[in-house]
Amino acid sequence: MELLPLKIGDLQARWPIIQGGMGVGVSLSGLAGAVAAAGGVGVISTAQIGYRDPGFDADPIATNLKAIAREIARARELAGGGVLGVNIMVATRRYADYVRAAVAAGIDLIISGAGLPNKLPELVAGSKTKIAPIVSTIKSAGVILKLWDRRYGRSADLVVIEGPRAGGHLGFSPEQLDTFTQESYEAEIRGIIEVVRGYAGKYATHIPVVVAGGIYDRADIDRALTLGADGVQMATRFVTTYECDVSDAFKQAYLDCDEDDIRIVKSPVGMPGRALATPFLEHAGARRVTGRCHQCLERCDRANIPYCITDALVNAATGDTDNALVFCGDNAWRATRLEQVADIFAELTA
């Protein structure tokens with residue numbers, strides 16, 4: 001199928017490919033800037049974005065808020081005028097402040113999931129920043145678009161459908177993960193697109209829809225387009241690039257893994273997630289949370305969680321993968337070499 005530009009309001013990316021936001025420290029300015037320069041939409045994850053900064057342990061939230069502006073500015077230098085976004089989890093502590101910091105830094109697009117971003121429209125009011133909820137089911141799409149319509153008299157600028165094959169935290173119950181097949185989830189995608197089209201009609205506009213989860217090559221992109229999507233969001237494919245901001249050890253874990261090494265895990269966030277089987281996961285339930293709180297999640301019960309997810313993800317980002325939670329999509333085993341972002345785009349768009 002022909003790949004058309006992805007138009008999000010007055011924004012336009014040459015290719016209908018969004019690079020998924022990956023935290024902690026996986027997609028920062030280096031990766032996002034390279035993707036935007038190649039014609040896609042580059043996305044920075046704000047999850048503990050300032051983890052490398054000296055002030056992080058003492059005041060993680062203030063450090064993160066400063067880092068948002070810095071990473072966006074660095075990405076702009078690399079992007080060559082391309083489209084840039086940030087991924088901000090609704091579950092983030094002081095979520096509204098993270099959104100305001102990204103808007104103040106002039107970000108083009110905010111993609112938001114890990115909960116329903118009920119108040120996102122009011123947080124970007126008066127700015128040019130576009131907003132996109134991440135939804136996984138017809139029900140969740142209907143809930144958030146209906147709420148924005150009734151409360152704010154507007155709709156989404158973009159909708160991201162994240163399926164059960166995605167990496168990191170998943171918007172499904174464990175039972176749903178066991179129930180959905182490829183065919184049944186494609187029917188769900190079509191249903192979500194119909195919901196979005198209804199609101200697009202009401203507002204006499206086009207709301208683009210992109211499909212995420214299990215997208216790795218051109219055949220996957222073409223399949224998503226045949227379902228009625230306007231484009232795709234890809235994350236795992238971009239981890240094993242030279243430009244990816246994560247440690248070499250993290251990338252090597254992808255290169256070394258087999259399909260059997262990928263697991264569904266229970267995260268302290270309260271959601272299932274997909275990750276590589278590391279030695280850390282064998283003993284995660286027996287660990288005790290100690291040390292200073294990193295202020296990452298709005299709802300975190302330190303007395304009862306099996307481990308600190310910030311510590312586990314920072315260990316991954318810095319290369320201590322044996323003591324880390326290494327998130328991945330279900331296609332991570334397909335990576336066999338490091339690649340340049342530009343070469344991936346050349347392959348996907350040929």
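The values are calculated or read from the model by the stated rules, or taken from the named source; none is laboratory data. Keep in mind that this is a model prediction, so the values were computed, not measured. As a convention, Cβ positions derive from the backbone with ideal geometry for all residues, glycine included, and neighbour counts pool all protein chains shown. Heavy atoms of the whole protein, side chains included, go into the accessibility calculation; ligands, DNA and RNA do not. Shrake-Rupley method; radii C 1.70, N 1.55, O 1.52, S 1.80 Å.
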Self-check item: Dipole axis of the chain (+1 Lys, Arg; -1 Asp, Glu on Cβ), positive-most option in PHE56, ALA79, TYR242
Solution: PHE56
Practice problem: Would you tally the net charge around VAL210, using a Cβ to Cβ cut-off of less than 10 Å, leaving VAL210 out, and scoring K and R as +1, D and E as -1? | Solution: -2
Quiz prompt | Pairs from LYS146/LYS202; LYS119/LYS139; LYS7/LYS66; LYS66/LYS251; LYS7/LYS130 whose Cα-Cα separation, in the structure shown, is over 20 Å | solution = LYS7/LYS66; LYS66/LYS251
Self-check item: Average Cα contact separation per residue, the chain, under 8 Å, 6 or more apart, as relative contact order %
Solution: 18
Quiz item: So, by mean Cβ neighbours within 10 angstrom, what's the order for 326-335, 89-98 with the highest one leading?
Solution: 326-335, 89-98
Exercise. Take peptides 23-30, 145-152 and line them up by average Cβ neighbours within 10 Å, highest first, as a rough protection proxy.
Key: 23-30, 145-152
Quiz item: For q = 0.22 Å⁻¹, what log10 I(q)/I(0) does region 125-215 give under the Debye formula with an equal point scatterer on each alpha carbon and no solvent?
Solution: -1.09
Practice problem: Report in % the part of the accessible area of the chain that belongs to carbon and sulfur, leaving out ligands and nucleic acids; probe 1.4 Å. | Solution: 49
Self-check item: Derived scalar couplings ³J(HN,Hα) [region 309-323; Karplus, 6.51 cos²θ - 1.76 cosθ + 1.60; whole Hz; x for Gly, Pro]
Solution: 5, 4, 4, 5, 7, 5, 4, 5, 4, 8, x, 8, 5, 5, 10
Quiz prompt | Heavy-atom accessible area per residue - region 166-229, 1.4 Å, Å² | solution = 45
Quiz item: Across 20 Å bins from the origin, how do the percents of Cα pairs in the chain run, short distances first?
Solution: 33, 62, 5
Practice problem: For region 212-227 and region 135-196, write down the distance between their C-alpha centroids in whole Å. | Solution: 16
Practice problem: Could you sort 314-323, 72-81 so that the peptide with the highest average Cβ count within 10 Å comes first and the rest follow in order? | Solution: 314-323, 72-81
Quiz prompt | Spread of Cα-to-Cα distances over 5 Å intervals beginning at zero, given as percent, for region 1-120 | solution = 2, 13, 23, 24, 19, 11, 5, 2, 1, 0, 0
Self-check item: Principal axes of region 51-119: Cα extent on each, largest first, Å
Solution: 34, 33, 17
Self-check item: Size of electric dipole in the chain: Cβ of Lys, Arg +1 and of Asp, Glu -1, about Cα centre, debye, nearest 20
Solution: 1420
Practice problem: Enumerate the amide H contacts of VAL326 below 5 Å, restricted to partners 5 or more residues apart or on another chain; note that Pro and chain-start residues carry no placed amide H. | Solution: LEU276
Quiz item: For region 50-64, what does the Karplus curve 6.51 cos²θ - 1.76 cosθ + 1.60, with θ = phi - 60°, yield as ³J(HN,Hα) per residue in whole Hz, taken in order and with x for Gly and Pro?
Solution: x, 4, 8, 7, x, x, 4, 5, 6, 8, x, 5, 4, 5, 4
Self-check item: Cβ-based charge dipole, region 105-186, positive-most Cα from VAL143, THR129, LEU158
Solution: THR129
